[in-house]
Each structure stands twice: as C-alpha cells, then as structure tokens.
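Only one structure is covered here, and it is reproduced in the block below.
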Amino acid sequence: MHDTNRRRLARTAAFTTALVLALGASPAMATGMKPGDPGPAPSGPPASDGPSNTSDPYSSSGPSYGTVSNCSVVSTPNFLGVSCGNGAGEGQTVKEYFGAEGVKDLPGCSHKALDASELAGLSYENTPGPEGSTWYWEYCLVDPKLGEQVRQAEISVSIVWIRNDAKVEKDDKLNALADLRQGTVPFPVAVPTPSTQPRVGAWTSFVDGTDDHVTVETPTVTLDAHVVGVTVKPLGKDARESVSCPGTGYHAERGDNPSTTDVEACWWQYSHSSSGQPMTTSEGQPAYPVEITATWAVDTIVGGVRSRFNTFQKSQVTPLPVTEIQALVVS
C-alpha cells in the first residue's frame with residue numbers, strides 16, 4: 001500500500017484484531033483533535049431551590065467499533081454506520097469479482113472522499129486535516145481468499161486524511177463493494193414544559209426536543225438507537241445541581257408539578273431570574289446555559305435477534321431565559 005502520509009482515526013476491524021481506538025473517546029478526540037463544542041460554557045450560576053443530584057444514573061460505554069455478521073459497525077455520539085456491501089458481486093468469488101489471477105492482483109485499499117453531510121455527521125467540518133489535505137473513507141480487504149464469496153469478504157472501514165499532492169488509491173469495484181450506510185445522531189435540546197418561558201418559583205419539566213430514535217438498515221444488520229434517559233443541569237454544565245429522568249423526559253401540562261403527578265420527570269424550580277447571566281438568546285435576552293445530556297442505547301438486529309452493541313452520551317447547551325413573576329398592584 002502506498003505511503004500517502006495519512007493519519008488513521010477510526011478502524012472498524014474485527015474484535016479479534018487490535019482495537020485502534022480506546023472506548024470513551026470520539027474518533028476525532030482519540031488522536032488529540034477536538035470536534036467543535038456543542039455550546040458555550042456557562043459560568044457563575046446562582047443558587048437554586050430546585051431538587052438536585054450530583055451523579056448521572058445513565059451509564060455510557062462510549063463509542064464502539066466492531067464486526068457483526070461480517071459487517072463493519074461504528075457507533076459514536078455523532079455517527080452510526082454499517083458497511084456490509086451493497087450487493088456488488090452477488091454470487092461471485094473474490095477472484096471472479098476482481099478478475100484477479102492471484103492475491104497480489106487484488107486491491108489493498110481504496111478511498112472515497114467524505115461528502116459534506118458525512119463531514120457534518122462526524123463533526124469533521126470543524127476538525128480539518130492538515131492544510132492541503134482531504135478526509136477520505138478508506139476501505140481495505142482483510143486477509144482475502146480468492147475462492148471465498150465476495151459478499152463474505154471482510155472489509156475494514158477507516159477514516160483518514162490524505163494530502164492533496166499524494167497519490168490516492170482508488171478501486172471502483174472495492175468502493176462499490178463497501179456500501180457504508182449511515183445515520184446522524186442529533187444533538188439534544190433542552191425544552192422547558194409546560195411553559196416555554198419559565199418564571200421564578202414555577203415548576204419546569206425539561207424534555208429533549210429532538211428526535212429520540214435513529215435506525216440504520218442493511219440487508220444483513222440493522223442498527224437501532226434510542227434515547228434511554230436524559231440528565232439536565234439547569235444552571236449550567238459547571239454547576240453541581242442536576243436532575244435525571246428516563247426516556248426523553250415528561251412533557252408537563254399546565255398545573256402539573258412533582259406533587260400532582262407520579263411520573264418520573266426532570267423537574268426544576270428556579271429561585272432567581274436569568275438576569276445577569278453571561279449567556280444570551282439570539283434576541284439578546286440573558287439566559288441560563290442549560291446543559292442537557294441524552295444517553296443513547298444502540299442495538300444490533302440480526303435475523304430478528306436484538307443485541308446491545310453500546311451506549312453513549314451526547315450533550316448540548318441550550319439558552320433559557322427565566323423571568324420574575326410580575327406582581328399585580330391594585331391601588
């Protein structure tokens with residue numbers, strides 16, 4: 001394979017080989033490169049009378065990479081992907097599909113540039129490679145056998161950068177064989193209920209306002225991801241106080257509060273307005289930098305059998321203005 005002066009970020013080879021990335025780090029952060037932050041950091045939140053806990057009850061195993069039924073699977077907070085092949089070479093052997101007389105005639109690796117949506121899904125639009133380089137999918141045949149069915153050939157999937165002045169290995173047949181199906185995991189958004197404009201002293205139940213289910217399907221393996229719980233820091237991510245609840249939270253109706261409903265919810269009661277907070281809304285209103293963290297569980301489904309693949313967490317800061325209750329003075 002040619003030396004293209006590239007840097008490997010993520011590899012979804014079988015677990016029988018060395019796992020390139022340590023669990024708990026995103027593909028970009030595993031090599032010291034940091035994706036764009038989801039929101040500004042808060043500072044100096046005031047005290048609150050609301051309930052709190054200091055631990056997140058929802059566990060996370062972190063990003064995971066592996067092989068399931070001869071498909072390469074990647075599951076991270078930003079990206080879900082499965083590479084099984086797209087039907088190319090159906091019924092052919094590796095030798096027949098590639099027209100190879102010997103193993104030396106087979107392609108080693110092939111590359112395909114990431115498009116804009118893939119860069120966004122992986123948060124790589126904010127993580128450029130070195131100047132004068134491009135991000136590529138890298139597909140490599142792993143220990144190929146000439147006589148095996150091409151659909152059974154193992155293909156490792158990696159993301160690499162290659163300098164623009166270097167030779168890029170490309171094999172159209174290998175690219176056609178490696179069909180990477182993908183899904184983008186949305187950032188959670190903290191939505192207050194029942195009122196979208198909370199007031200001091202009123203009970204607020206936070207919910208995650210974005211999609212809570214992502215599915216990636218191939219003929220062989222389906223990835224099914226859903227939110228199992230959320231943790232909210234109403235005063236900001238640097239504050240001690242937090243509340244947690246299952247699913248995406250409870251959408252409260254007017255009149256609901258912790259004493260009138262037994263539904264487990266992310267309840268909070270602000271004791272101060274957001275006046276003086278360093279964060280502001282797009283309209284310039286001072287706002288609390290509410291951090292919400294969604295815990296996702298990802299299952300693989302093969303032949304109707306569901307198995308847990310991994311869990312991960314994704315967070316974002318949402319600005320939330322909180323106003324004082326206006327008193328009506330009667331003279």
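Descriptive notes on the structure:
- His111 accessible area, assembled protein chains, probe 1.4 Å, Å²: 0
- Under a model in which nothing but the beta-carbon of Lys, Arg (+1) and Asp, Glu (-1) is charged, the stretch 220-299 shows a dipole of about 260 debye around its Cα centre.
- Counting heavy atoms of the protein chains alone, Glu101 has an accessible area of about 150 Å² for a 1.4 Å probe.
- Rel. contact order, % - alpha carbon contacts under 8 angstrom, at least six apart, the stretch 111-243: 16
- Cβ-Cβ FRET estimate between Asp143 and Val189, R0 fixed at 56 Å, reported to 0.05: 0.80
- Here the spin labels are modelled as points 7 Å beyond Cα on the Cα-Cβ line, and at Ala120 and Gln92 they lie 3.5 nm apart.
- For the stretch 234-331, accessible area per residue (1.4 Å probe, heavy atoms of protein chains only), Å²: 50
- Proximal aspartates and glutamates relative to Lys104, as straight alpha-carbon distance under 13 Å, when same-chain residues fewer than 8 apart are discounted: Asp143
- Surface listing: Leu180, Leu223 arranged by accessible area from highest to lowest gives Leu180, Leu223, probe 1.4 Å.
- With 25 Å as the limit on Cα-Cα distance, the pairs of Lys233/Lys314; Lys145/Lys173; Lys167/Lys314 that go past it are Lys167/Lys314.
The values are calculated or read from the model by the stated rules, or taken from the named source; none is laboratory data. These numbers were taken from a predicted model, which means no experiment stands behind them. Neighbour counts run over all protein chains shown; Cβ positions are idealised from the backbone, glycine included. We work out accessible area using only protein heavy atoms, side chains counted, and drop any ligands, DNA or RNA first. Shrake-Rupley method; radii C 1.70, N 1.55, O 1.52, S 1.80 Å.
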